[in-house]
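Inspection log for the structure reproduced underneath, given as structure tokens.
Only the coordinates and a few stated rules stand behind these numbers; no lab work does. All values derive from a computational prediction rather than experimental measurement. Virtual Cβ from ideal backbone geometry, glycine too; neighbours counted across all protein chains shown.
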Amino acid sequence: MAGIIIIIGFVVAGILTGLNIVVPYSYSQYIAVAILACLDSVFGALFANIEKKFKLNIFLSGFVCNALVAIFLVYIGSKLNVDIYLAVVIVFTGRLLNNLTGIRRDFVQKMDNKETRFTYKLKKKRSKENLEEVK
Amino acid sequence: MAEKKVEKAETKEKNFKNEKIKRIWNKITVFFKKYSIVSYSVIGVALFFLSMMLTAQMKSMSDTEEMLAGKRETQLADDLVTLQRKYDDLKQKYDDSTKVVEEYQSNSATNSTLISSMKEQITSLSAMAGTTDLKGEGIVITLNDGSKVTDADLRSDSLVHDSDLLTVVNELKAAGAEAISINGQRIIATSAIRCVGPVIQVNYQKVAAPFEIKAIGNAQYLESAMTIKNGVVDLLKEYGVSVTISRQSDVQIPKYEGTQTFNNATTVEE
């Protein structure tokens, strides 16, 4: 619980500071790519946590490096007159969607298991009742 | 010995303090490890940056979207060019109008003199046009129908005709009369003197004998112009019209009573 509270506090603080920052229009592309990279690493972390492979070092390094590399690529693309940011966006969104599908599958499977257990119990009960009736 | 004791005590105190700090530290580390606060806060810092960037981006995008929504780059370039042109035009206008304002401000002193000169012009022009009462040095001529002659033919001549009045007025004008009136009717540029049946009309107003012609001007010139040999007065006296001329230092001439309107004439701007 303490961890969740800390995280929520940080997120709220981030939103409040973000409301007071105005991004110049020319930098908005870089920020957008950085946001995508960060979101991707966050969802990747969630997915890893579900698979019990989460490591803080990997998460942090991915979080920072992905964003920086994405920004760097977009910068190079703008200098070379190539829309590299499109490639970056496609790659990161693809990974993000992959992570999301992983999380969703896991979640659905868990729910499925619960349901089966629940239904199994119900079936057990019913079968017991049936047996008693038969007796 | 005493020094050693003191040292021992000091070391004891130090140890005690260290132990206290250590205990607190241990407690903190245990607390942190129990809830794994460090890792969570590290994750929190990362999420802090993420949420900050997200909100800032969203906010600034929603601000700019209103203007740039659904517009391609070429369209925006066109808009930019047109706006720049408009801006240039407006700036030009602004500069011009500021210049005009500056001129007015610098001429405000001369403006008052201009206004006063214009007022003077108006008064002089209205005096000429006959829209103001005037007074000044001048002469008064009185013409009356002759009563001495009884002959019918002559009698007609001895009456004061419109032509008589016209010649008198003409002579007065030639002599430099500045304002003329006949029986209180001001003679202006468009005044007509004509015979209508038994009476004479001046400014479409009936006037009858005796005719009192007032004229403002140099009285001496006017009188001499009237009484010159074989002049108007002589002619009229020959006809049998009674003429009296008197110089006056204060002749009062009323203003023109009618209205002057131009229906067909328009001024030509030079």
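In percent, what relative contact order does chain B have, based on Cα pairs under 8 Å that are 6 or more apart in sequence?
22 percent
With the radius of gyration and the Kirkwood radius both derived from the Cα set of chain B, what is their ratio Rg to Rh?
Rg/Rh: 1.81.
Straight distance only, please: which lysines reach the Cα of B:Lys12 with their own Cα at less than 16 Å, same-chain residues fewer than 8 apart left out?
B:Lys4, B:Lys20, B:Lys22
Give the total of Lys-Lys pairs in region A:30-134 with Cα-Cα distances below 26 Å; include a pair only if its members are 8 or more places apart or on different chains.
Step by step, the pairs that qualify in region A:30-134 add up to 13.
First check a/c for region B:134-253, with a ≥ b ≥ c the square roots of the eigenvalues of its C-alpha gyration tensor; if it is under 1.5, answer rounded, and if not, answer prolate when a/b is larger than b/c or oblate otherwise. Walk me through the intermediate numbers first.
Details: a/c = 2.02, a/b = 1.32, b/c = 1.53.
Because a/c hits 1.5 or more and a/b fails to exceed b/c, region B:134-253 counts as oblate.
Mean separation of Cα pairs under 8 Å and 6+ residues apart, divided by the residue count of region A:30-134: what relative contact order is that in percent?
33 percent
To the nearest whole number, what is the average tally of beta carbon atoms from other chains within 10 Å of the beta carbons of peptide A:20-31?
4
When the helix-only estimate is applied to chain B (DSSP H runs of n ≥ 4, each -39,500 (n - 2.57), divided by the residue count), what is the mean residue ellipticity at 222 nm, nearest 500 deg cm²/dmol? Write out the running numbers ahead of the final one.
Working: 8 runs with 159 residues, N = 270.
The per-residue figure over chain B is -20500 deg cm²/dmol.
How crowded by other chains is B:34-43, given as the mean number of beta carbons from other chains within 10 Å of each beta carbon? The partial results should precede the final answer.
On the way: counts 1, 5, 3, 3, 1, 7, 8, 5, 7, 11.
Mean inter-chain Cβ contacts per residue within 10 Å come to 5.
Report the convex hull volume per residue for the protein assembly as shown, counting only C-alpha atoms, in Å³.
Details: hull volume 220.2 nm³, N = 405.
In the protein assembly as shown, the Cα convex hull volume per residue is 544 Å³.
Comparing A:Tyr27, A:Tyr75, A:Tyr85, which has the greatest mean-square fluctuation in the GNM of chain A with Cα pairs linked when under 10 Å apart?
Taking springs between Cα atoms under 10 Å, the residue moving most is A:Tyr27.
Can you spot the lysines whose alpha carbon is less than 22 Å from B:Lys5's alpha carbon? Ignore those fewer than 8 places along the same chain.
B:Lys14, B:Lys17
What does the net charge come to around B:Leu235 if you take all other residues with beta carbon closer than 13 Å to its beta carbon, with K and R at +1 and D and E at -1? Could you put the intermediate results ahead of the total?
Working: positive: B:Lys229, B:Lys237; negative: B:Asp157, B:Asp164, B:Glu171, B:Asp234, B:Glu238.
With Lys, Arg at +1 and Asp, Glu at -1, the neighbours total -3.
Enumerate the lysines that B:Lys86 could reach by cross-link, defined here as Cα to Cα under 24 Å, with residues fewer than 8 away along the same chain left out.
B:Lys71, B:Lys99
Taking the Cα centre of region B:179-270 as the origin and placing charges on Cβ (Lys, Arg +1; Asp, Glu -1), which of B:Ile253, B:Asn203, B:Tyr239 is farthest toward the positive end of the dipole?
B:Tyr239
Over region B:134-253, what is the relative contact order in whole percent, taking alpha-carbon pairs under 8 Å and six or more residues apart?
47 percent.
Enumerate lysine pairs in region B:134-253 that are 8 or more residues apart or on different chains, then count those whose Cα atoms are under 16 Å apart.
Close lysine pairs found across region B:134-253: 4.
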